[in-house]
Amino acid sequence: MADVMSNDKSTQTIYYGGQAVIEGVMIRGPEHMAIAVRNPEGKITKHVEKLKGVSTGNLRSIVFIRGILVLWETLTLGTRALLFSSRIAYAEEKDDGEIIEFPEKALWGSMLISLVMVTSIFFVGPVLLSNLLGLLNWSHAAIVSIESILRIVMFVGYIGLISLIPDIKRVFQYHGAEHMTIHAYEHNKPIDITNIRLFPKEHTRCGTSFLLVVIVLALVTFILFDVFVDKGILVRIVSRIILLPPIAALSYEILRIGARFESSKIIKILFAPNIALQKLTTREPEDDQIEVAIEALNLTLSATEKKPLE
């Protein structure tokens with residue numbers, strides 16, 4: 001899961017975020033992305049690249065626009081990080097010593113299929129299912145409410161199910177390692193395993209929190225939309241897709257507020273469901289997984305001309 005993070009150069013606060021990948025961690029800085037992956041031989045392979053275009057442009061400082069960019073960036077940079085990690089983690093050696101890499105086209109294809117499935121299952125599916133209640137003469141507001149509840153139940157249920165898969169569990173461990181390492185850096189602690197172990201594996205800015213805020217905000221938005229614009233099932237389906245970008249934009253701003261005032265008791269109460277959901281998407285990491293997260297963070301800090309804390 002990718003962390004939602006900021007590159008607002010108009011403030012002194014820079015939020016470093018990242019994503020767990022296959023046997024590794026990606027950390028995103030203001031202008032660089034760094035990836036550290038443990039290969040089948042046990043060594044850590046590292047990669048850093050300078051980001052270009054909208055990933056570092058002035059648009060990232062514009063309120064609401066930056067939320068849409070982060071959503072797009074999560075898909076593009078996240079997929080590129082997964083591609084790199086798959087080449088390292090899934091590389092196999094033939095008898096003659098030749099390395100077989102995981103096919104890039106296969107992963108891009110699976111990511112595209114996954115994106116279509118997510119849109120269909122979590123946004124279109126609940127609309128079709130809840131619409132059946134119209135046959136029972138339920139009120140329009142009740143139907144839309146059931147649609148939103150179905151979306152939340154399906155989302156949480158899906159995460160719970162995939163967390164039972166051993167390979168996904170390891171990704172969730174790297175997710176926890178990434179969060180704990182970011183925590184240590186944000187609290188100005190030395191970046192080592194002992195200090196990182198002092199921090200929780202959940203984080204306010206987690207991408208899981210972002211998705212949950214999107215779903216909850218969608219509940220309110222879709223109810224209001226359907227009250228004022230009741231044009232039938234087709235319009236409802238299309239609206240769920242068209243309204244997703246502005247909902248994501250507002251969700252990002254809400255998450256930024258939560259990150260800035262995370263020590264507030266009110267914020268802690270409001271974000272409690274987000275933290276609770278991360279119990280499913282993060283697992284307690286092993287020391288060697290924390291080592292990978294440390295390498296990714298230090299590589300990003302070095303690229304940003306910031307020395308890692310010692």
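Nothing in this text is a laboratory measurement; each read-out follows from the coordinates by a stated rule. Treat the numbers as computed from the prediction; the structure is a model and nothing was measured. All Cβ positions, even for glycine, are placed from backbone atoms using ideal geometry, and neighbour counts span all protein chains on display.
Of note:
- If R0 is taken as 30 Å, the Cβ-Cβ distance between residue 235 and residue 90 corresponds to a FRET efficiency of 0.10.
- Subtracting the Cα-Cα distance of residue 272 and residue 145 from their residue separation scaled by 0.36 nm leaves 43.5 nm.
- Counting every other Cβ atom within 10 Å of each residue's Cβ, 165, 267 order from fewest to most as 165, 267.
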